[in-house]
Amino acid sequence: MSHIGFVSTNGQTQFWHHPLPGTLYACTFETLGFYGFKHVFGNPIAKTAITQINFIGQWTVVPALDVQFSIGGSDNELWTAGYLNIGPSSSVPGEGRYLMQFSDLGKTNVGPIYITANNGWAGILIAGDDSYGVGLSFTGCRFEGMNPSNPSNGALVVQTGGKVIYRDIWTAYGMADPMANKHSPPDQAMIMILGGESLWDGLTYDRAASVNQTVPLFYVAAGKVHIRNVFTGAKGGAWSGLPLVRAVSPAVVNLDDTVTKA
């Protein structure tokens, strides 16, 4: 399927419904657009499992009315030969909902994707375990609020499990009103690691204009996290120190000298 734009006007449309135990296998989807959809692939109570799937070309998914991608599976290439721009509706408050949810998605490369999560929306939720959530890799992705004065309420990335590599990531303009997201536990940083293992290398972070630099970049409650080569932007304000990483037991963090442990 390729080079098609879809429009929904009823606020209830889902593009691809393929619930478990079925698996979507060996397909290519190229340069698709979705306007006003409730869900695109899967939904929060019935994810779509995908294997050997390629998402390629230029994709646009705006305005989103609910979680757009709820997927799991393995052995996929998602926008590595393309680009995804995804963002919410300005008329539908997110109330902490995520634009994307990956659950037990393994051995899959993702990126570049550009997630804009303002108006009460959150960016991406990643869940998994050591059997099915291993080998997920994000490269060249952007996770942000709209801009320094129109930020996301809370975290842009939340990982609860799996083993994930994040390289050359941009994240910005969040944590303006974290309690409004109604997440449990409440968001305490731009990036929440609640389980699993992850490597972050080449991350760039810019704050929202209303957010002090004492608000952590990372909050690590469990699992193991390796953080390397963090850069800062200054649209949201000048920096007088390094981004903070806050970790609590039993989390294990391995940091270089581009961040400070709070």
I'd like the full set of residues that are more than 23 Å from Gly11 (Cβ to Cβ) and crowded, with 16+ Cβ neighbours inside 10 Å, limited to the stretch 30-53.
Glu30, Thr31, Ala49, Ile50, Thr51, Ile53
Hey, Met175 hits all of (1) touching a strand residue (DSSP E or B) at 6+ places or on another chain (Cβ under 9 Å); (2) open to solvent by less than 20 Å² (accessible area, probe 1.4 Å) but one; which does it fall short on?
(1)
What are the pairs with Cβ atoms under 6 angstrom where one residue, in the stretch 80-91, is over 8 Å from Pro112 (Cβ atoms) and hydrophobic (A, V, I, L, M, F, W, C) and the other, located anywhere, is surrounded by 16 or more Cβ atoms within 10 Å (Cβ to Cβ) and modelled with pLDDT of 95 or more? Sequence gap at least six, or different chains.
Ala81/Ile56; Ile86/Val61; Ile86/Leu99; Ile86/Ile115
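Which residues, counting only those in the stretch 54-91, are open to solvent by 40 Å² or more (accessible area, probe 1.4 Å) and at pLDDT below 95? Before the answer, list the steps.
From the stretch 54-91, those open to solvent by 40 Å² or more (accessible area, probe 1.4 Å) are 54, 56, 58, 60, 62, 75, 77, 80-81, 83, 85, 90-91; that's our starting set.
Those that are open to solvent by 40 Å² or more (accessible area, probe 1.4 Å) and at pLDDT below 95: Ser90, Ser91.
Please determine, by comparing only the residues of the stretch 224-257 that are open to solvent by less than 30 Å² (accessible area, probe 1.4 Å) and outside any strand (DSSP E or B), which one is nearest to Ser152 (Cα to Cα). First the steps, then the outcome.
Step one: filter the stretch 224-257 for residues open to solvent by less than 30 Å² (accessible area, probe 1.4 Å), giving 225, 227, 230, 233, 236-237, 243, 245, 247, 251.
Within this subset, residues satisfying the condition of being outside any strand (DSSP E or B) are 230, 233, 236-237, 243, 251.
Numbers: Val230: 21, Gly233: 17, Gly236: 13, Gly237: 16, Pro243: 18, Ala251: 26 Å.
That would be Gly236.
When you scan the stretch 110-168 for strands (runs of 3 or more DSSP E) that lie fully inside it, which ones turn up with 2 or more residues that are closer than 20 Å to Arg97 by Cβ and not hydroxyl-bearing (Ser, Thr, Tyr)? Even if it seems obvious, please write down each step before you answer.
Numbers: elements: 113-116, 122-127, 134-139, 142-144, 157-159, 163-167.
The strands (runs of 3 or more DSSP E) meeting that bar are 113-116, 122-127, 142-144, 157-159.
Taking the stretch 1-54 as the region of interest, how many residues are of a type in the set (Ser, Thr, Tyr), assigned to a loop (DSSP other than H, G, I, E, B) and more than 18 Å from Ser74 (Cα to Cα)?
3
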Conditions (1) among the polar types (S, T, N, Q); (2) crowded, with 19+ Cβ neighbours inside 10 Å; (3) outside any strand (DSSP E or B) -> Thr214 fails only (2)
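Going by what's in this entry, would Ala189 be described as assigned to a loop (DSSP other than H, G, I, E, B), in contact with a Phe, Trp or Tyr (Cβ under 7 Å, 6 or more places away or on another chain), under 28 Å from Asp129 (Cα atoms) and modelled with pLDDT of 95 or more?
Details: assigned to a loop (DSSP other than H, G, I, E, B): yes; in contact with a Phe, Trp or Tyr (Cβ under 7 Å, 6 or more places away or on another chain): yes; under 28 Å from Asp129 (Cα atoms): yes; modelled with pLDDT of 95 or more: yes.
Against the criterion (assigned to a loop (DSSP other than H, G, I, E, B), in contact with a Phe, Trp or Tyr (Cβ under 7 Å, 6 or more places away or on another chain), under 28 Å from Asp129 (Cα atoms) and modelled with pLDDT of 95 or more), Ala189 qualifies.
The values are calculated or read from the model by the stated rules, or taken from the named source; none is laboratory data. Predicted, not measured: the structure shown is a model, and the values here were computed from it. Here Cβ is always computed from backbone atoms with ideal geometry, including for glycine, and neighbour counts include all displayed protein chains. Remember, those area values only see protein heavy atoms, side chains included, never the ligands or the DNA or RNA. Shrake-Rupley method; radii C 1.70, N 1.55, O 1.52, S 1.80 Å.
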